[in-house]
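First the structure, in the form of structure tokens, and then the observations on it.
The values are calculated or read from the model by the stated rules, or taken from the named source; none is laboratory data. These figures come from a predicted structure and were not determined experimentally. Glycine also receives a Cβ, built like all others from the backbone with ideal geometry; neighbour counts cover every protein chain displayed. Side chains are part of the model used for accessible areas, which takes the heavy atoms of the whole protein and leaves out ligands, DNA and RNA. Shrake-Rupley method; radii C 1.70, N 1.55, O 1.52, S 1.80 Å.
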Amino acid sequence: MTGALEPASSLTAAAAGGAPLLFRQLFDADTGTFTYLLADVASRQGVLIDPVFEQHDRDRSLLRELGITLVASLDTHAHADHVTGSWLMHEATGCAIGLAAAVGAENVTLPLRHGDRVDFGHRHLSVRSTPGHTDGCLSFVLDDHSLAFTGDALLVRGSGRCDFQQGDPHTLWRSITEQILSLPDSCLLYPGHDYTGRGVSSVAEEKAFNARLGGAATERDFVGHMQAMKLPHPHRIAIALPGNMRSGRPREAITTSSWAPLQRSYAGLPELPPHWVADHRDQLTILDVRTPEEVNGPDGRIGGSLTIPLPDLEQRLAEIPRDKPVVVICHAGSRSALATQQLIKAGLPQVANLRGGLHRWTQEGYPLAGADAL
Ligand SMILES: [Fe+2]
């Protein structure tokens, strides 16, 4: 934990499990949506598939922490149940926004058609048009046909509904059988959604066990099944669809945190880098949660900081001034992370962790008050 940071390239390789391709499946529990990150380790270029607006900070932090340059944020279709995070990602990273040209959404910089390919480093995704759930549905197939991202066309043991957004069960049958189940049996299939914890399937499994179209089912069986389904109208559609027709660009400017350029870590913690804290030192309370021995020891301390050891924090909350934002520090940023969580829970409105703690502060050359300055 306290060692020097790994170079981002070796960290990316390690995060990929030593494989040349990094793959992550992320989940939004509110909407049952899967988001996928794929990155070529050698070039550290990546693509994101179906990001969720509300999960932008999480996804952005993961990219930053793994050192990945995002080439494109792709959506499999204009979702009815959640707003895409593509525009936010475009704003944050400059990545392209990819969506089927057929959708006609605003802010798309990479209008996609059947047969297109999206390159990231030495790898690429092929674009297959798979309409039927909506008329603008795409599936993305990895170059070696080992993985495919099927959006809401084919779900694990199911399929997307066909009763709104120009859906059509005959079209969906053709899309699934001709464009998805025609892939190799061993091709792993990653859906756009699942509500019961099923994150992945394969072509062979869906051919055998898909309740609507697997086994001996025919197009007539599939269409009959889909037409008999009585599904409630998706309750977020009135917000989600107009939002997605703007690629997730909000109608009004986003008001970011007013007091500091907070970065939320993948662990979910508000953090600030040393340079910002050093530049705004006079407007902040620096709360040091190390032990008195450490504070007065050779590591030194940040001048003017308030010291409350972590185990005493809950009992001594009243000692923290409420008129300034609080930046919490410890040696390496681990105990201060816990303290930051405690202070947020206690209702302090403006609190952040110093990223990397005093260790990084010192490494970057910011001033310390030694024990003799106490
Ligand atoms: Fe959908």
Subject >> Accessible surface of the range 197-282, 1.4 Å probe, proportion on carbon and sulfur as whole % >> reply: 55
Original post:
Can you pull the Rg over Rh of the range 301-353, Cα-only, Kirkwood?
Top reply: 0.91
Subject >> Among PRO325, VAL289, HIS225 the positive-end extreme of the charge dipole of the chain (Cβ point charges) >> reply: HIS225
Original post:
Where the centre of each part is set by its Cα atoms, how far does the range 330-351 sit from the range 294-311, in angstrom?
Top reply: 15
**OP:** Would you mind classifying the range 268-336 by shape? Square roots of the alpha carbon gyration tensor eigenvalues, ordered a ≥ b ≥ c; an a/c under 1.5 is rounded, otherwise it is prolate if a/b is larger than b/c and oblate if not.
**Re:** rounded
Subject >> Net dipole in debye of the range 284-374 [+1 Lys, Arg Cβ; -1 Asp, Glu Cβ; about Cα centre; nearest 20] >> reply: 320
**OP:** Tabulate in residue order the Karplus-calculated ³J(HN,Hα) for the range 267-276, using 6.51 cos²θ - 1.76 cosθ + 1.60 with θ = phi - 60°, rounded to whole Hz; enter x for Gly and Pro.
**Re:** 6, x, 9, x, 10, 10, x, x, 4, 5
Original post:
Rounded, prolate or oblate: which one fits the range 35-142, using the alpha carbon gyration tensor with axes a ≥ b ≥ c (rounded when a/c is under 1.5, else prolate when a/b beats b/c, else oblate)?
Top reply: oblate
Original post:
Cα convex hull of the range 131-284: mean projected area in nm², to one decimal?
Top reply: 13.2
Subject >> Extreme residue, positive dipole direction of the range 179-329, given options LEU306, HIS193, TYR266 (C-beta unit charges) >> reply: HIS193
Original post:
Carbon and sulfur together cover what percent of the accessible area of the range 310-374 at a 1.4 Å probe radius?
Top reply: 52
Original post:
Given a cut-off of 31 Å, what percent of all Cα-Cα pairs of the chain lie beyond it?
Top reply: 46
Subject >> Mean separation of Cα contacts under 8 Å (6+ apart) over length of the range 235-362, as relative contact order % >> reply: 26
Subject >> Fraction of beta bridges assigned by DSSP in the range 128-220 that are antiparallel (%, nearest 5) >> reply: 65
Subject >> Percent accessible area from carbon and sulfur atoms, the range 70-178, protein chains only, probe 1.4 Å >> reply: 47
**OP:** Please report, to one decimal in angstroms, the Kirkwood hydrodynamic radius of the range 85-198 built from all distinct Cα-Cα pairs.
**Re:** 14.7
Subject >> Average accessible area per residue (Å²) across the chain - probe 1.4 Å, nucleic acids and ligands excluded >> reply: 45
**OP:** Could you please state, rounded to a whole Å, how far the C-alpha centre of the range 221-275 is from the C-alpha centre of the range 150-217?
**Re:** 24
**OP:** Provide the net charge surrounding TRP87, with neighbours chosen by a C-beta distance below 11 Å and charges set as Lys +1, Arg +1, Asp -1, Glu -1.
**Re:** -1
**OP:** Choose one of ALA19, ILE239, THR340: the residue whose Cα lies farthest towards the positive end of the charge dipole of the chain (beta-carbon charges +1 Lys, Arg; -1 Asp, Glu; about the Cα centre).
**Re:** ILE239
Original post:
Going by a ≥ b ≥ c, the root eigenvalues of the Cα gyration tensor, does the range 225-358 fall in the rounded group (a/c under 1.5), the prolate group (a/b larger than b/c) or the oblate group?
Top reply: prolate
